[in-house]
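Each value in this text was obtained by applying a stated rule to the coordinates, not by laboratory testing. What you see is a predicted model; the values in this text were computed from it and never measured. Neighbour counts are summed over all protein chains in view; Cβ atoms, including those assigned to glycine, are modelled from backbone coordinates with ideal geometry.
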Amino acid sequence: MAIVFQKPKALTDAPLHYCPGCTHGIIHRLVAEAIDELGIEGKTVGVAPVGCAVMAYDYFACDMVEAAHGRAPAVATGLKRALPENIVFTYQGDGDLASIGMAETVHAATRGENITIIFVNNAIYGMTGGQMAPTSLPGQVTQTSPYGRDTATAGFPIRVSEMLATLDGPQYIERVAVNNVKNVNKAKKAIKKAFQNQVEGKGFSLIEVVSSCPTNWGMTPSKALQWVEEKMIPYYPLGVYKDRSAEKEGK
Amino acid sequence: MGEKVLMKGNEAIAEAAIRAGCRHYFGYPITPQTELAAYMAKRMPKIGGVFLQAESEVAAINMVYGVAGTGKRVMTSSSSPGVSLKQEGISYIAGADLPALIINVQRGGPGLGGIQPSQSDYFQATKGGGHGDYRLIVLAPSSVQEMADLTAKAFDLSEKYLVPAMLLADGTMGQMMEPVDLSGISEPEKAEKPWAVTGTQCKRKHNIINSLYLVPEQLEQKNFERYERYKVIEENECLYESFMMDDADICVVAFGIAARVSKNAVVAARKEGIKVGLIRPITLWPFPKAPLAQAADKVKGFISVELSMGQMIEDVRLATECKKPVVLCNRTGGMIPTPEQVLESIRNMAKEGK
Ligand SMILES: Cc1ncc(C[n+]2csc(CCOP(=O)(O)OP(=O)(O)O)c2C)c(N)n1
Ligand code: SF4
């Protein structure tokens with residue numbers, strides 16, 4: 001009998017704690033599938049963030065390190081410099097990567113660290129109960145922007161992929177989403193490529209995944225996916241923002 | 001016996017670390033420890049090591065955390081304001097039970113303070129600094145030779161007990177040039193590190209470097225276990241120098257540069273017929289309580305000489321259970337007490353009760 005669906009080997013048997021309908025689970029699966037397909041589990045070291053994915057160290061079957069809030073790219077830098085033959089990735093939310101850890105993110109990118117970053121943008125702080133994130137949309141109601149994000153006082157959302165693509169350091173930056181099958185398939189390809197780049201020693205790859213937080217957005221899972229399509233993706237257009245290998249091929 | 005070479009304290013630390021097998025250094029520029037980073041920047045690329053100028057001290061210490069998780073020798077260095085920024089990472093390293101070496105070449109504070117020597121980070125180094133229940137092994141050199149020797153020792157202790165170590169020096173020690181013999185420092189035998197994250201090779205369950213325990217009973221247990229290890233360290237690893245204490249009526253307590261100044265004052269006071277000695281803690285944590293407790297039964301008082309508003313003095317009082325008076329002889333903000341100032345303090349104590 002052919003097996004058509006099974007858990008990737010790179011995920012442990014630990015039950016995921018994510019809320020029903022949360023897309024963190026899909027993204028975990030895509031990362032694990034990429035690790036399986038490239039056959040790199042045994043030499044991979046992952047870095048978990050502070051955020052809803054804090055327990056990722058229990059879910060990925062490879063060696064794992066739990067970083068302080070926002071410091072995952074620095075921790076990954078240390079790991080990769082000590083273990084240049086290994087594969088090192090971080091998995092981070094938007095508060096982690098684009099607020100408290102922005103300096104670590106930008107500098108790992110500009111150094112072209114040969115690591116892979118999976119950046120989960122759900123426009124909110126999930127773990128702490130739904131506060132405004134650097135990626136929260138203008139007007140978005142959160143616990144700490146109860147009247148909607150007012151850009152006059154709270155500033156504007158940060159488009160991380162666009163910003164990092166202005167640097168010379170990164171190899172590959174793409175924004176994907178996981179709100180429908182088509183986008184999931186594209187996300188899968190991008191994540192795998194981000195790991196493949198590292199295997200080939202090409203340098204810094206970051207995949208921004210537009211994700212959802214039905215719990216703190218106060219929506220049903222299906223309504224949340226609709227919100228991704230209607231609100232998030234227009235502000236955060238999907239696509240490749242930097243790909244040095246394509247630039248070279250194009251020449 | 002090896003040959004002596006003339007070196008600055010900061011450089012002696014760097015060379016000693018390299019000889020002790022450290023191949024990973026992360027730092028961010030700050031006075032007065034600059035020569036250390038510069039030395040590493042020059043040497044590491046030549047010996048297949050890593051020198052990385054991080055974007056901040058926060059990033060540097062988190063890079064240290066990453067390397068420490070792989071079981072390799074790693075260090076960072078900074079001075080007071082930068083060490084404040086490292087406290088987050090230090091707490092995580094302590095919480096994950098990893099070895100690492102942090103160098104603090106202290107300068108005056110608080111705030112941006114100044115760039116002249118100080119010992120005012122004593123509390124920060126020995127009482128926590130970062131959040132949570134943890135300790136650092138803290139070593140305080142008082143010569144360039146000790147800058148080198150204690151660097152190697154700090155790596156060894158840190159790995160033996162899986163407790164991060166700090167070398168607490170100051171601006172004078174960093175800048176001072178003295179002859180040093182580095183021939184005794186070498187890389188230890190490679191030890192097994194079954195906890196390290198180096199890839200499972202798909203042959204073992206994954207290792208996790210972590211300090212998060214959401215179940216309070218588990219976190220309490222972890223802290224209990226760590227404090228059992230601390231107890232062993234306190235029993236076995238106290239280091240101090242005792243100078244002219246045999247017949248002493250007065251005990252001067254000082255570490256680092258303050259101990260050098262104090263030694264001169266003790267010698268001068270002896271010439272005046274005052275029976276005074278010096279206890280110089282070399283490990284600030286564990287603090288050498290036993291020799292101080294013993295002295296408390298013999299001497300009439302203690303003088304704590306410090307480049308701060310008086311921080312170690314609290315540990316002297318605790319160690320001696322306030323059996324005898326403890327007075328402070330200090331300068332702060334980048335100033336150093338002179339031997340005359342210490343001598344005056346000794347004379348004053350000698351006069352009392354006569
Ligand atoms: C230094 C520090 N500050 C604040 C926190 C509290 N905290 C925990 S998770 C979190 C937000 C995480 O949000 P995000 O990165 O967007 O991830 P998500 O939970 O949405 O997946 C915060 C602020 C912390 N643990 N450490
Ligand atoms: S709080 Fe939001 S991001 Fe976190 S698990 Fe629940 S739905 Fe997902």
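Tabulated results
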read-out: Residue, farthest from ligand 1 (Cβ to nearest atom), within the range A:67-93, restricted to residues that are among the small types (Gly, Ala, Ser) and more than 8 Å from chain B (Cβ to nearest Cβ); value: A:72
read-out: Residues of the range B:297-354 classified as part of a loop (DSSP other than H, G, I, E, B) and either touching a helix residue (DSSP H, G or I) at 6+ places or on another chain (Cβ under 9 Å) or on the phi > 0 side of the Ramachandran plot (or both), total; value: 18
read-out: Residue match in the range A:187-200 (condition: in a loop (DSSP other than H, G, I, E, B) and touching a residue at least 40 places away in the same chain (Cβ under 8 Å)); value: no
read-out: Positions within the range A:47-66 being of a type outside the set (Val, Ile, Thr) and within 9 Å of another protein chain (Cβ to nearest Cβ), in sequence order; value: A:48, A:55, A:57, A:58, A:60, A:61, A:62, A:63, A:64, A:66
read-out: Flag if residue A:109 is within 12 Å of ligand 1 (Cβ to nearest atom), in contact with a Leu (Cβ under 9 Å, 6 or more places away or on another chain) and among the small types (Gly, Ala, Ser); value: no
read-out: Residues being touching a residue at least 40 places away in the same chain (Cβ under 8 Å) and either acidic (Asp, Glu) or within 14 Å of ligand 2 (Cβ to nearest atom) (or both) - total across the range A:98-117; value: 1
read-out: Candidates A:240, A:184, A:178 - the one that is within 16 Å of ligand 1 (Cβ to nearest atom) and of a type outside the set (Phe, Trp, Tyr); value: A:178
read-out: The range B:83-127, residues that are surrounded by fewer than 19 Cβ atoms within 10 Å (Cβ to Cβ) and more than 19 Å from residue B:62 (Cβ to Cβ); value: B:110, B:111, B:112, B:113, B:114, B:115, B:116, B:123, B:127
read-out: Every residue from the range A:57-82 that is touching a residue at least 12 places away in the same chain (Cβ under 8 Å), farther than 20 Å from residue A:109 by Cβ and of a type outside the set (Gly, Ala, Ser); value: A:58, A:59, A:60, A:62, A:63, A:64, A:66
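One line per residue, one yes/no per condition, for (1) within 24 Å of residue A:80 (Cβ to Cβ); (2) under 15 Å from the mean Cα position of the chain (by Cα); (3) more than 16 Å from ligand 2 (Cβ to nearest atom); (4) surrounded by 19 or more Cβ atoms within 10 Å (Cβ to Cβ):
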site	(1), (2), (3), (4)
A:198	yes, no, yes, yes
A:213	no, yes, no, yes
A:225	no, no, no, yes
A:234	no, no, yes, no
A:239	no, yes, yes, no
